[in-house]
Amino acid sequence: MASGACHNITMIETVTITGRTPKPLGRKLNLFWWFLNDFEPTPPDWYRPGKPFRTLFWYLRNPFQNAGRYVLGVGRSHLHRDR
């Protein structure tokens, strides 16, 4: 019976995400702004082409986009994580 050596290998990977745009505090405190979508303010071409109220439904499809991305989430700051 062959016995294999057991090696504990620890790999550390560093990930840095930059290029994020900070939003002013005044916007973050504006509850109406939370419902908007600064990341994708206009619907892409594939979303409801030629249909009425296309932009309205785009905003209703992604409610709280700014709140989740810039107020509560990590879209507001640069990241540096070690895994």
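The values are calculated or read from the model by the stated rules, or taken from the named source; none is laboratory data. Model, not experiment: these values are computed from the prediction. Because the Cβ atoms are built from the backbone with ideal geometry, glycine has one as well, and the counts that use them run over all protein chains shown.
Entry remark, segment 35-61: residues being aliphatic (A, V, I, L, M) and within 21 Å of L72 (Cα to Cα) number 2 in total. Scan segment 20-52 for residues that are part of a loop (DSSP other than H, G, I, E, B), closer than 18 Å to G68 by Cα and not hydroxyl-bearing (S, T, Y) and the total you get is 12.
I'd like to check something: does segment 1-16 contain any residue that is at pLDDT below 75, surrounded by 12 or more Cβ atoms within 10 Å (Cβ to Cβ) and in contact with a strand residue (DSSP E or B) (Cβ under 9 Å, 6 or more places away or on another chain)? The answer is no; no qualifying residue exists. For segment 9-29, residues that are among the hydroxyl-bearing types (S, T, Y) and touching a residue at least 60 places away in the same chain (Cβ under 8 Å) total 3.
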